[in-house]
Amino acid sequence: MKVILYAKSKKGAGKRLQEGIEAIVPNGNIQVCRTIRNLTRTLNRLGDGMAVAVLLAATKEELSEMLTKADILSERRLILVLPDGDQETAMKAHRLYPRYLSYRDRSFGDVVAVLKNMFRHTNQHLGGGEGDGPRV
Amino acid sequence: MANVLIIDDDEQISSMLSRMVQRLGHHASSSLTLSSGLDALRSNAFDVVFLDVRLPDGNGLEALSTIRETASSPEVIIMTGFGDRDGAEMAIRNGAWDYLQKPISSKEITLPLKRVLQYRENLSKVARPPVALRLDGIVGHSPAMRKCFDLVAQAASSEASVLITGETGTGKELFAKAIHLNSSRAKRSFVVVDCAALPETLLESALFGYVKGAFTGADRTRDGLIRQADGGVLFLDEVGELSLPMQKSFLRVLQEHRFRPVGGSKEIDSDFRVVAATNRDLDEWVKTGKIREDLLYRLRGITIDLPPLRKHREDINDLVAHYVAKLCWAYGHPIKGISPDFLEVLTAYDWPGNVRELINTIDRALAASGQESLLFPKHLPKPIRIKVARGSISNGEDVAVEQAVASSSSSIYPKYREFRRARLAEAQKTYLMELMALTRGDMKQACQISGLGRTRLYTLMKKHGISRTG
């Protein structure tokens, strides 16, 4: 199972998130996108294969930009990191049907734990032995 | 006046029932065999069928679905002379209105008949939703799917909790979204709770939210998913995976629509509606103590049991056309044609992974077809073709089938060198396009990242027709 990470910035929350994911997912199975355009292109190219997209919306504007691609994003298994806990932000976020919501100011141990479970569950469904699961 | 059909091989019972029905002011017809009963159903409209189980030419229970799917979609009341709990359960599961054990008194007939006719009358008043259902992403027109659409309409117009069951890949989440989209809650959130992905340690805070200082790292108060679903739908995906303690906590929330955030002292209200989904047999899980019976009862206001794809093969053509177009569009390719034999193979295969497996297969076939404009069976994954070929031959010729598939493939399969050259070119192009997107056409940065010299990079970009602007 592949992980597509969208984080506009290589610093701060983006860096923390990437490091957290890299600690459990083998390198070849992570693809990092720095623009929404690149993200949608990558997701389109993936076809309908198993993948989880971890999206960091560091600002409200970034979340709004993601919503313009809701038709592509909402069909994927998403973990969405939000800029804040406002009601309006949450309402917007749920238009993408994320499987898990986290927040920018967290350490992202929660995201890593959810990803591990997703890998485990997918491997169970596939009967295991895929060899691309997380290093747990 | 309603039309009632009695299918029973016992002439005495049949005429007695006919008289009872006529006395109640309805029209009665009778058939002594299953086949003549089915003929009658195909040529006339009936409101109710009294159906015997053991008939000379078949089992009534097994014909139940066929009867329900005839044009007038009659309600069926099963009658049998043999007490059979499993049969009763099967009858109700397959959509029977009621299950009566012979000998049947006039009173026992009158009441269910009256009720079923009231139900039919009511149904005819509200039978179809005034506007067409929005079924985004759901494809199909088979009787099995239409039955599910009717249940979506029914669920959308009510506030009852809904349990969607079905094998992996049957589209449970799409149906849950359709219920939300067609309901009065459509303008509020559809909140997904992935019960299988959320670790036990996170589940409580994710669902109920928490207050500042509730635990290490809780440096501000945050709403949970239940609060975020206020006015909307809380979708519990893979609900069978909830732990027993969590089931207990959640049951209380379901009953009272009130909860206390982690570390909080005040209770909060949330007007959410629950739609749950599972691929587990929850009745079995109740027996083994993995799921609470009271929770299951709460979740099961309306049940939608999605059929596996092998049970509605007639939808495969539409599904293939839909997803070929969709995937071609996503890849930016012209829409490819579909050869009849490509469809034949897909229709013959059993699809253990259901619609999701079909979509993945189409995806792989599109990749295998390269620049070709038409999809043929040769583009399908070999294991699928072998399974279909094996299934089409009685037995004893399996080896020959594998050899035939392998040799037919070898004649169209590319040489390794050609394959490698094509794939390498494809990979190079993808890499360069992403590199340009990543660096926004900054050649210096692109050289640094890729480790390529400027001249080599320009040569490769020219070869693949890639510009710096992507």
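The values are calculated or read from the model by the stated rules, or taken from the named source; none is laboratory data. The structure displayed is predicted, hence computed values, not measured ones. FYI the Cβ positions are ideal-geometry reconstructions off the backbone, even for glycines, and counts take in every protein chain you see.
Screening residue B:224 on (1) closer than 18 Å to residue B:273 by Cβ; (2) within 25 Å of the chain's Cα centre (by Cα) shows it passes everything except condition (2).
For beta carbons closer than 6 Å, sequence separation of 6+ or different chains, a first residue in the range B:330-343 that is aromatic (Phe, Trp, Tyr) and a second that is at pLDDT 90 or above, the qualifying pairs are B:342/B:375; B:342/B:376; B:342/B:377. Just one of the listed residues (B:209, B:224, B:171) is under 17 Å from residue B:303 (Cα atoms) and touching a helix residue (DSSP H, G or I) at 6+ places or on another chain (Cβ under 8 Å), and it is B:171.
Looking at the structure I just gave you, is residue B:181 touching a strand residue (DSSP E or B) at 6+ places or on another chain (Cβ under 9 Å), surrounded by fewer than 20 Cβ atoms within 10 Å (Cβ to Cβ) and either basic (Lys, Arg) or within 19 Å of residue A:97 (Cα to Cα) (or both)? Explain how you work it out, then say what you get.
Details: touching a strand residue (DSSP E or B) at 6+ places or on another chain (Cβ under 9 Å): yes; surrounded by fewer than 20 Cβ atoms within 10 Å (Cβ to Cβ): yes; either basic (Lys, Arg) or within 19 Å of residue A:97 (Cα to Cα) (or both): yes.
Judged against the criteria, residue B:181 is a match.
Here is the figure for the range B:1-56: residues that are free of Cβ contacts under 8 Å to residues at least 12 places away in the same chain and acidic (Asp, Glu) total 1. Residue A:40: more than 12 Å from the chain's Cα centre (by Cα) and modelled with pLDDT of 95 or more, yes or no? Here the answer is no, as residue A:40 does not meet what is asked.
When you scan the range A:1-76 for strands (runs of 3 or more DSSP E) that lie fully inside it, which ones turn up with 2 or more residues that are within 11 Å of another protein chain (Cβ to nearest Cβ)? First the steps, then the outcome.
Working: elements: A:2-6, A:30-33, A:51-56.
Per the criteria, A:30-33.
The residue of the range B:68-105 that is surrounded by the most Cβ atoms within 10 Å (Cβ to Cβ), among those that are under 23 Å from the mean Cα position of the chain (by Cα) and either closer than 18 Å to residue B:142 by Cβ or in the same structural domain as residue B:303 (by TED's automatic domain parsing) (or both), is B:68.
Residue check: is residue A:101 more than 10 Å from every other protein chain (Cβ to nearest Cβ), under 13 Å from residue B:228 (Cβ atoms) and either surrounded by 20 or more Cβ atoms within 10 Å (Cβ to Cβ) or modelled with pLDDT under 95 (or both)? Give the derivation first.
Values: more than 10 Å from every other protein chain (Cβ to nearest Cβ): no; under 13 Å from residue B:228 (Cβ atoms): yes; either surrounded by 20 or more Cβ atoms within 10 Å (Cβ to Cβ) or modelled with pLDDT under 95 (or both): yes.
Here the answer is no, as residue A:101 does not meet what is asked.
Within the range A:1-27, the set of residues being within 11 Å of the chain's Cα centre (by Cα) and touching a residue at least 40 places away in the same chain (Cβ under 8 Å) comprises A:2, A:3, A:4, A:5, A:6, A:7, A:17, A:21.
Taking the range B:147-173, which residues are among the polar types (S, T, N, Q) and within 19 Å of residue B:238 (Cβ to Cβ)? Give the steps one after another, and end with the answer.
The first filter runs over the range B:147-173 and keeps only residues among the polar types (S, T, N, Q), leaving B:154, B:157-158, B:161, B:165, B:168, B:170.
Residues satisfying the conditions are B:161, B:165, B:168, B:170.
Out of B:251, B:236, I need the residue that is at pLDDT 95 or above and in the same structural domain as residue B:161 (by TED's automatic domain parsing). Which one? Steps first, please.
Working: B:251 fails: at pLDDT 95 or above.
None of the other options fit; the residue is B:236.
In this structure, residue B:250 does not satisfy being touching a Pro at 6+ places or on another chain (Cβ under 7 Å) and on the phi < 0 side of the Ramachandran plot.
Only one residue in A:60, A:116 is surrounded by fewer than 17 Cβ atoms within 10 Å (Cβ to Cβ) and of a type outside the set (Phe, Trp, Tyr). Which one? Going through A:60, A:116 in turn, the sole match is A:60.
Checked against (1) in a helix (DSSP H, G or I); (2) farther than 21 Å from residue A:98 by Cα, residue B:266 meets all criteria but (1).
Identification of helices (runs of 4 or more DSSP H) wholly contained in the range B:389-470 with 1 or more residues that are within 29 Å of residue B:379 (Cβ to Cβ), under 39 Å from the mean Cα position of the chain (by Cα) and at pLDDT below 80 yields B:398-412, B:416-439. Applying the condition of being in a loop (DSSP other than H, G, I, E, B) and free of Cβ contacts under 8 Å to residues at least 40 places away in the same chain to the range B:220-263 and asking which residue is surrounded by the fewest Cβ atoms within 10 Å (Cβ to Cβ) yields B:220.
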